[in-house]
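Following: one structure in structure tokens, then a few remarks.
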Amino acid sequence: MAFCANCGVEVSGRFCQKCGAPVAGAAPEPPPAVSPGPTPGYVPPAQPLPPAATPAGAPMTDNLAGALCYLFGFITGILFLVLAPYNQNRTIRFHAFQSIFLNVAWVVLWIIVSIINRAFFGIPFLGFFVAAVLDFVVGIGFLIVWLYMMFKTYNGEKVVLPVIGPMAEKQAGV
């Protein structure tokens, strides 16, 4: 047995347990005991697999590209109709055309509501209130439809809007 030169306590390893000083010439500590292995019937917990890495130039999935068609309205719709790998995919073309038609319908509806609001401005106070409510309802309605379309498309569901949906299917060749 070795003794600590600093405090004189008997040491069984390379360091003194009392003061922590290294002990010169002490016998190396035995390696830790190796467990005989897992007990029978033990199943280690499943580790989740890391997400698959996609190369930087890899095309997007159909549902992501379809959802992005709605992001900036007719601008992204036109972009996805022009960009190479996406303009051959009928699903993405459908969402691009539907996005374009949805935004054109929104502009037309906004012009009609603006004309109706001008007629209401002739009525004192009540006309302004009705015009503000009409603008709010139409704006919130479009926002809800826009978010709904992006959400459903991203989740892989195809939503065909009334009137403009069949036109988009015809244009996309679906």
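The values are calculated or read from the model by the stated rules, or taken from the named source; none is laboratory data. If you're wondering where the values come from, they're calculated on a predicted model, not measured in any experiment. Here Cβ is always computed from backbone atoms with ideal geometry, including for glycine, and neighbour counts include all displayed protein chains.
When residues of the stretch 64-90 are filtered for being surrounded by 18 or more Cβ atoms within 10 Å (Cβ to Cβ) and either under 18 Å from G156 (Cα atoms) or touching a Phe, Trp or Tyr at 6+ places or on another chain (Cβ under 6 Å) (or both), how many remain? Number of matching residues: 9. Of all residues in the stretch 140-150, none satisfies being without any contact (Cβ under 8 Å) to a residue 12 or more places away in the chain and either in contact with a strand residue (DSSP E or B) (Cβ under 8 Å, 6 or more places away or on another chain) or not in a helix (DSSP H, G or I) (or both).
All conditions but one from (1) surrounded by 14 or more Cβ atoms within 10 Å (Cβ to Cβ); (2) over 23 Å from the mean Cα position of the chain (by Cα); (3) not polar (S, T, N, Q) apply to G141; the one that does not is (1). Taking the criterion of being within 16 Å of the chain's Cα centre (by Cα), at pLDDT below 90 and not in a loop (DSSP other than H, G, I, E, B), would at least one residue in the stretch 73-86 satisfy it? Checked against the condition, which is being within 16 Å of the chain's Cα centre (by Cα), at pLDDT below 90 and not in a loop (DSSP other than H, G, I, E, B), the stretch 73-86 yields no hits at all.
Of the residues V130, V107, which single one is loosely packed, with under 13 Cβ neighbours inside 10 Å and assigned to a helix (DSSP H, G or I)? The conditions single out V107.
In the condition set (1) within 25 Å of the chain's Cα centre (by Cα); (2) over 18 Å from E169 (Cα atoms), N117 is compliant with all but (1). Residues in the stretch 47-72 that are at pLDDT 85 or above and either of a type in the set (V, I, T) or part of a helix (DSSP H, G or I) (or both): T61, D62, N63, L64, A65, G66, A67, L68, C69, Y70, L71.
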